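S.K.: Below: one structure in structure tokens.
The values are calculated or read from the model by the stated rules, or taken from the named source; none is laboratory data. Owing to the predicted nature of the structure, the values given are computational and were not obtained by experimental measurement. Cβ: placed from backbone, ideal geometry, glycine included. Neighbour counts: every protein chain shown.
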Amino acid sequence: MKIKYFTCTLLAAAFGLGQLTAHAQLKDGSIGGKEHDMNVYGVKIGMDVSTALENVFVNANRSPGQERPDAKKNEGKDNKDVRAVYRSLPDGELQIVFAEGKYVSEIVLRYAQVKRVAELRLPNSSGIGEATSGERFDDRYTIGFVDNKKQEKLWWRDEKSETG
């Protein structure tokens, strides 16, 4: 199973893993690796706008003149949420959603290179057979299907952040 792109709230999608999104604070001790950390380019859930944008600029090694995102879009209820998009970063495309334009509520990273589900230590299903197979998976995720043809899977996890 290959992963086309990945996102860290954690929402991970696509048969082979489409994306994983980060929505919360991660506990120490993940067996999954850096892909399961609750920060992407130093951006964490609950972080204010200026700190998040500065972290991307510094940690993605952007050049002077690239301080701002490549695109932004208003969305959500009453168009108060702002989605900032950074294209062509070393790891892929980064999307950050700022709730009401004030703090980070979602982080999505679409990987530039294909990742395998096994490489990310995610189970293939939420069945009891996976849990008792002897393989070690990151068990904080729930698994579901994105479409009714069951061709695209979605992995996600929700955890409380320091800000709630």
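S.K.: Strands (runs of 3 or more DSSP E) wholly in the stretch 33-119 with at least 3 residues that are surrounded by 13 or more Cβ atoms within 10 Å (Cβ to Cβ) - which ones?
M.R.: The qualifying strands (runs of 3 or more DSSP E) are 81-89, 92-99, 103-111.
S.K.: Checking the conditions here, which among GLN95, GLN113 is polar (S, T, N, Q), within 30 Å of LYS153 (Cα to Cα), within 18 Å of the chain's Cα centre (by Cα) and modelled with pLDDT of 90 or more?
M.R.: Testing whether each residue is polar (S, T, N, Q), within 30 Å of LYS153 (Cα to Cα), within 18 Å of the chain's Cα centre (by Cα) and modelled with pLDDT of 90 or more leaves just GLN95.
S.K.: Mind checking whether some residue in the stretch 122-131 is modelled with pLDDT of 65 or more and closer than 23 Å to LEU94 by Cα?
M.R.: So far as the stretch 122-131 goes, yes, one or more of its residues are modelled with pLDDT of 65 or more and closer than 23 Å to LEU94 by Cα.
S.K.: Let me ask you something else. What do you reckon, is LYS153 basic (Lys, Arg), within 29 Å of GLY46 (Cβ to Cβ) and at pLDDT 75 or above?
M.R.: Criteria not met by LYS153.
This table checks each residue for (1) at pLDDT 95 or above; (2) touching a strand residue (DSSP E or B) at 6+ places or on another chain (Cβ under 9 Å).
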position: GLU35; (1), (2): no, yes
position: ASN39; (1), (2): no, yes
position: ALA52; (1), (2): yes, yes
position: ASN74; (1), (2): yes, yes
position: VAL82; (1), (2): yes, yes
position: PRO90; (1), (2): no, no
